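Below is one structure; the comments refer to it alone.
The values are calculated or read from the model by the stated rules, or taken from the named source; none is laboratory data. Just so we're clear, the structure is a prediction, and the values are computed from it rather than from any experiment. Here the Cβ positions follow ideal geometry from the backbone for every residue, glycine too, while neighbour counts run over all protein chains shown.
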């Protein structure tokens with residue numbers, strides 16, 4: 001059993017809070033291997049790659065023991081959103097899994113201030129990351145929502161504490177102040193709603209990626225939910241139309257019939273935006289229709305990328321040829 | 001994007017430079033680190049952001065997972081490098097970045113433009129030394145600036161501070177160029193376009209210079225003119241003072257000799273000549289006295305000594321001095337007695353009044369000269385009225401200038417008493433300067449053919465209690481100097497009234513009929529303060545007389561004097577309709593005094 005603390009849950013009714021979202025994978029259709037490591041101070045890429053290889057070997061040994069290959073694989077990661085090792089782990093596992101989906105969410109509290117706690121082996125720990133490699137008879141399909149429409153104002157990170165994902169200076173000015181100036185906000189009003197309404201994006205790989213802000217520190221620095229560094233160019237972006245985008249994407253996933261279950265890791269920024277734009281009910285309905293189960297996250301893995309401000313999901317369809325046991329979600 | 005969003009509008013130039021340097025440094029550092037990620041060699045050396053860049057590149061190559069891209073259009077796709085270039089291009093200054101090996105690794109459009117003026121093109125990998133050397137070989141307006149850049153570059157990585165020079169190309173472009181070392185051996189070369197700024201400054205400077213020159217020129221001319229005027233004035237004053245003193249002594253001697261000569265038993269012909277000589281010397285004496293007065297006043301030597309004294313102290317001598325002279329000319333001359341006390345310098349004020357009186361007597365051919373005082377607010381207005389030719393309005397200021405006479409042909413130079421200055425037109429100039437020193441206001445009221453009234457306003461020593469006037473106007477009211485026209489056919493009554501009025505300080509002008517009244521008021525040049533008329537005159541009724549005078553000369557208070565007003569109710573109503581009072585003759589003047597007091601107050 002693996003799990004984590006969250007900033008909110010997603011269950012059969014859509015958005016929920018203060019509950020536990022859990023998913024059980026029937027042993028008949030799934031085989032899994034899990035490992036938890038300490039990722040607080042960062043993880044070397046080579047170590048992460050070695051771990052991926054090791055877990056893949058273990059999974060194959062297990063499948064060989066039972067002599068029943070199930071056919072399809074995917075990877076999951078639940079991690080403390082304050083752990084700096086997420087990037088290396090995501091890259092290594094995404095790389096190792098190749099075309100197979102790798103996804104996950106970063107844990108954190110609703111304020112985005114405290115660390116997230118990851119449950120593994122019956123205990124919760126901060127700074128950790130739990131990884132799972134799963135083989136299944138169910139057909140998986142992954143989904144990533146991370147498109148941004150960016151505005152013109154750019155800001156250059158001129159001071160950053162990369163290991164803490166903190167930006168101390170933008171354009172040579174205190175970061176929170178400069179962000180507030182360009183977003184047209186008061187530096188004293190950088191609350192969750194304001195941050196959600198004025199998201200940031202960074203270009204990479206030929207496109208823009210959201211760069212979610214966790215909050216402003218008292219010293220005028222900005223805390224991010226994903227990697228930052230000096231010289232990074234950030235742009236103010238428009239908040240996404242969360243409900244329409246999700247209805248669209250989940251509708252596509254359900255075209256040949258609704259998934260048995262959809263694992264969802266959705267950024268807290270998206271949830272706040274949905275709530276602020278009175279779209280939470282629509283989002284909940286879309287989640288419910290896709291049998292979604294998941295949580296509100298402070299960072300999302302999708303393939304090799306550890307992103308933030310995005311939605312990462314995995315739909316599981318019934319095994320071809322029918323199955324006596326299908327996965328089911330429970331709140 | 002514009003560079004303005006990267007910088008704040010209120011940044012000062014120093015802050016701006018510092019921020020731009022930090023931005024450029026950060027961009028360069030990342031561009032160099034990002035190179036490894038872009039080349040796709042994953043290693044432990046890659047930081048989180050580097051992994052992010054590489055992951056993004058690989059994910060992009062692999063295509064979106066499971067689902068095609070959202071239908072929503074992406075506003076501005078880009079990778080980190082193009083974002084870096086976008087920011088560099090948006091910087092409001094030219095930037096050339098040299099990596100650790102001092103090779104050109106990044107630059108922007110403005111940097112290209114800056115060196116294009118000298119025909120230099122930027123290419124990746126050029127060393128700083130080569131670029132600076134190339135610049136130094138090109139044509140610039142000032143060859144020294146590029147040489148200094150080349151020298152800085154040639155020093156290699158030896159630690160040295162930033163260098164700033166101004167490069168002015170032959171096409172008129174101008175840039176502030178800054179070259180400085182970056183961490184890890186790199187260098188940063190920036191170009192700030194100051195062409196427009198320098199041009200504006202140069203123009204401003206030119207305008208300032210011409211303006212300054214013009215102001216200077218003009219100021220010098222004005223100073224010269226002022227100095228000349230001051231010098232001329234000082235010299236005139238000094239000359240007058242010297243001439244006056246030097247002339248007075250032999251003059252006095254001459255008069256003494258003349259007096260002695262007259263004692264030697266001259267025959268009548270000689271005596272007449274001697275008398276005329278005496279008169280001529282008197283004139284010269286008076287003229288010199290006036291010249292001395294005016295030079296003293298102008299030189300500021302005369303310091304007024306203000307004290308309280310009764311006006312009668314000046315009025316009584318005036319009556320004596322000018323009465324006889326006016327009588328010789330056939331003029332009526334009256335000084336209304338006054339009990340009022342004033343605060344002034346008696347000597348200076350006397351000088352002023354003497355000159356005003358002398359002027360009035362001299363220029364008046366027929367009619368009357370009146371001197372009187374009346375209250376005006378906290379002051380006493382001393383008036384010198386005459387029935388002379390009058391002064392046109394436009395010349396009323398000019399009469400106070402020295403050596404100015406309006407009617408030069410008019411009076412023959414003659415000896416006058418006291419301060420009478422014949423001929424030279426110095427009298428009013430003295431009056432004006434004396435009043436100026438005393439800070440007494442001087443007014444003129446005059447019109448051609450209507451006579452003149454000069455008025456000096458002197459502070460009253462004991463302010464009157466205005467509230468009492470309405471309550472008991474007859475009691476002890478100052479009627480001094482009040483001008484009253486008395487139209488009475490009967491000589492005896494007229495004479496009696498005249499004496500009574502004069503006894504109260506009133507200045508009455510007595511006539512027998514309407515024709516006389518018109519002539520007298522015309523002489524006076526101003527409406528009398530009050531008209532007192534008999535019900536019937538020889539050529540008109542009393543009311544007609546009043547009506548006529550009011551119509552021509554302005555509204556005066558008026559009363560009909562009759563022996564028994566109550567027996568003539570019809571006349572009373574008629575008079576009242578025209579705002580004319582009906583007063584009894586011979587009730588010891590009680591009601592008449594009251595009426596005069598009311599008229600004066602009005």
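For every residue, the table says whether it meets (1) more than 26 Å from residue A:139 (Cβ to Cβ); (2) assigned to a helix (DSSP H, G or I).
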{"site": "A:7", "(1), (2)": "yes, no"}
{"site": "A:10", "(1), (2)": "no, no"}
{"site": "A:20", "(1), (2)": "yes, no"}
{"site": "A:28", "(1), (2)": "no, no"}
{"site": "A:48", "(1), (2)": "yes, yes"}
{"site": "A:56", "(1), (2)": "no, yes"}
{"site": "A:61", "(1), (2)": "no, yes"}
{"site": "A:75", "(1), (2)": "no, no"}
{"site": "A:87", "(1), (2)": "yes, yes"}
Problem set entry | Scope region A:141-160; condition within 7 Å of chain B (Cβ to nearest Cβ) and farther than 17 Å from residue A:299 by Cβ; matching residues | A:141, A:147, A:149, A:150, A:152, A:153, A:154, A:156, A:157, A:158
Exercise. Residue check: is residue B:254 without any contact (Cβ under 8 Å) to a residue 40 or more places away in the chain and exposed (fewer than 12 other Cβ atoms within 10 Å of the Cβ)?
Worked result: no
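Residues checked against (1) modelled with pLDDT under 85; (2) touching a strand residue (DSSP E or B) at 6+ places or on another chain (Cβ under 7 Å); (3) within 26 Å of residue B:371 (Cα to Cα):
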site: B:499; (1), (2), (3): yes, no, yes
site: B:506; (1), (2), (3): yes, yes, yes
site: B:512; (1), (2), (3): no, no, yes
site: B:523; (1), (2), (3): yes, yes, yes
site: B:534; (1), (2), (3): no, yes, no
site: B:539; (1), (2), (3): no, no, no
site: B:546; (1), (2), (3): no, yes, yes
site: B:566; (1), (2), (3): yes, no, no
site: B:571; (1), (2), (3): no, yes, no
Problem set entry | Filtered residue count, region B:78-118, keeping only those that are in a loop (DSSP other than H, G, I, E, B) and in contact with a helix residue (DSSP H, G or I) (Cβ under 9 Å, 6 or more places away or on another chain) | 11
Seminar exercise, completed: Scanning region A:161-184 for residues that are touching a helix residue (DSSP H, G or I) at 6+ places or on another chain (Cβ under 8 Å) and closer than 12 Å to residue A:200 by Cβ, the one nearest to the other protein chains (Cβ to nearest Cβ) turns out to be A:182
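Residue-wise test of (1) touching a helix residue (DSSP H, G or I) at 6+ places or on another chain (Cβ under 7 Å); (2) closer than 30 Å to residue A:275 by Cβ.
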residue: A:14; (1), (2): yes, yes
residue: A:26; (1), (2): no, no
residue: A:35; (1), (2): yes, no
residue: A:83; (1), (2): no, yes
residue: A:99; (1), (2): no, no
residue: A:107; (1), (2): no, yes
Seminar exercise, completed: When region A:231-280 is checked residue by residue, the ones that are without any contact (Cβ under 8 Å) to a residue 24 or more places away in the chain, more than 14 Å from chain B (Cβ to nearest Cβ) and part of a helix (DSSP H, G or I) are A:275
For this session: Being within 24 Å of residue A:83 (Cβ to Cβ) and in contact with a strand residue (DSSP E or B) (Cβ under 8 Å, 6 or more places away or on another chain) is the filter here, so list the residues in region A:144-168 that pass it.
Result: A:144, A:145, A:146, A:157, A:159, A:160, A:161, A:164, A:165, A:166, A:167, A:168
Exercise. For residue A:48, all conditions in the list (1) away from chain B (no Cβ under 14 Å); (2) buried (at least 17 other Cβ atoms within 10 Å of the Cβ); (3) over 17 Å from the mean Cα position of the chain (by Cα) hold save one; what is the number of the exception?
Worked result: (1)
For this session: Please give the strands (runs of 3 or more DSSP E) falling wholly within region A:115-218 in which 3 or more residues are within 21 Å of residue B:20 (Cα to Cα) and modelled with pLDDT under 90.
Result: A:149-161
For this session: Could you tell me whether residue B:166 is crowded, with 20+ Cβ neighbours inside 10 Å and either modelled with pLDDT of 80 or more or in a loop (DSSP other than H, G, I, E, B) (or both)?
Result: no
Exercise. Somewhere in region B:184-194, is a residue part of a helix (DSSP H, G or I) and either in contact with a strand residue (DSSP E or B) (Cβ under 6 Å, 6 or more places away or on another chain) or outside the structural domain of residue B:141 (by TED's automatic domain parsing) (or both)?
Worked result: no
Problem set entry | Filtered residues of region B:525-566 (kept if assigned to a strand (DSSP E or B) and in contact (Cβ under 8 Å) with a residue 60 or more places away in the chain) | B:530, B:532, B:561
Seminar exercise, completed: Of the residues in region B:128-163 that are surrounded by 15 or more Cβ atoms within 10 Å (Cβ to Cβ) and out of contact with any helix residue (DSSP H, G or I) (no Cβ under 8 Å at 6 or more places or on another chain), the one that is farthest from residue B:184 (Cα to Cα) is B:145
